[in-house]
Each structure stands twice: as structure tokens, then as C-alpha cells.
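Working notes for the structure below.
Nothing in this text is a laboratory measurement; each read-out follows from the coordinates by a stated rule. Not measured: the values here are computed from a predicted model. Note: ideal-geometry Cβ built from the backbone for every residue, glycine included; neighbour counts use all protein chains shown.
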Amino acid sequence: MFHSRSGWHWVVVFGLLVGCGSSSDVEQEQAQAEQALGIECLRAQSTIFTNGISVTSPRTYNPPSCYKGQVYDVMDYEQSASGTFGGGGAGPTVGTASTVVTWADDAPTLAACPNAWVASDLFLIVHEGSSGGSGPIASRSGYGRVAGGACELPSVTWDNTIMPPGRSYRVTATARTSNTSAAPTRRVSTQSFLNGVPTP
């Protein structure tokens, strides 16, 4: 099913990439995604980027049509006249680009760390007149982890295997103190990288 908006078609097939997890794991991840973000975010107003995304949210956010989520569209991901983020230099090497959504607020206490939660949804934008194709669409989330007496902040990574270059995408992001809908939001960073270097 497609929705049309400003000359784009939204691919509304929405699901999880299933790896080695059990069906109960998949169901739990789907429930978490529904609590965080979802199909309703397709109707939300977005911040638009070209080639890559580089932005950090405020601490508190709850935009219309995307409950407690940030919404970013990246057009012609990893593509420019020279074929790289931001122009200049040689073209990109397959597998070296990524977009990372990460907790960007104060680190939680060690007791609260395992509940700290980041989630992101990925949608494909198909331009008018394009032959299209469904492309990779998924929802991912991550939790904080205590290691070495410190809190490792949660993050989600979209790499070239699921977000290949040369297309346009909608990326949604949220950071919360837990994965419940009532949990307070926290600053969340969404940053694209090429060869390990952040895009400007």
C-alpha cells in the first residue's frame, strides 16, 4: 500500500528484520516498536536532509502524528555529484556508510542504565516515476548496559546492508528512560557516517 505526499510514495510495509531470535523475541520487539514509534510517523512533518543526517534533538519532544519521536527524511542518501557525503573525494566504498541513532543525554545512573532505551524506524521513500521496489524497512531498539562500572549508552545502527546508498529514507528516533509510552524522552542523536567519519 502506498501513500502519496509531495511527489513521494511511502512504502508502508512495516516490520522487523528477523535474525536468530525466537518468535517470542520478535513479538516483544514488535510490541516495543509500537510503543515507541510507528506507521503514524509517516504522516508527521519531518526535517529534511540531503546525503546524510546530522542532528541532535531537544530533551523533550512530542510532535503531532509521531508520539514522542523525531522524524528525519534523508534524500539521495550517500549520493552527491561526486558520489560521497557532502561532495569531494572518491566515491563511497560499499559497506562503509552507516546512520547511528544514539542516546545523547546525561548518562543514567547504573541502576537506571539497563532501562535506558533508544528506538528507530526506517522507511523507504520512493519518488514519483520511479520503478520503486519495497526496499529494506525495519524497526530496531537498544538498551543501556552496565559494563566496567559505567553505563554503555543505548544506540541503533542502520548500515549499508539495510540502508543502501542511492535511495531516500525516513528515519525516526526516540530516546526514553524506559520502553514504555509514559517514559520521559531524552536527547537523541541521529548521525550519518562515511568511512567512520561523521557527515557534516
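What is the order of D121, D106, fewest Cβ neighbours within 10 Å to most?
D106, D121
To make sure I understand, if each residue's beta carbon is the centre and we count other beta carbons within 10 Å, what order do I137, I39, I53 fall in, fewest to most?
I39, I137, I53
How much length is gained if the chain between T180 and T60 is pulled fully straight, taking 0.36 nm per residue apart and subtracting their Cα-Cα distance, in nm to one decimal?
41.7 nm
How much length, in nm to one decimal, is gained on full extension between D76 and A147, taken as 0.36 nm per residue of separation minus their Cα-Cα distance?
That pair, D76 and A147, stretches by 21.8 nm at full extension.
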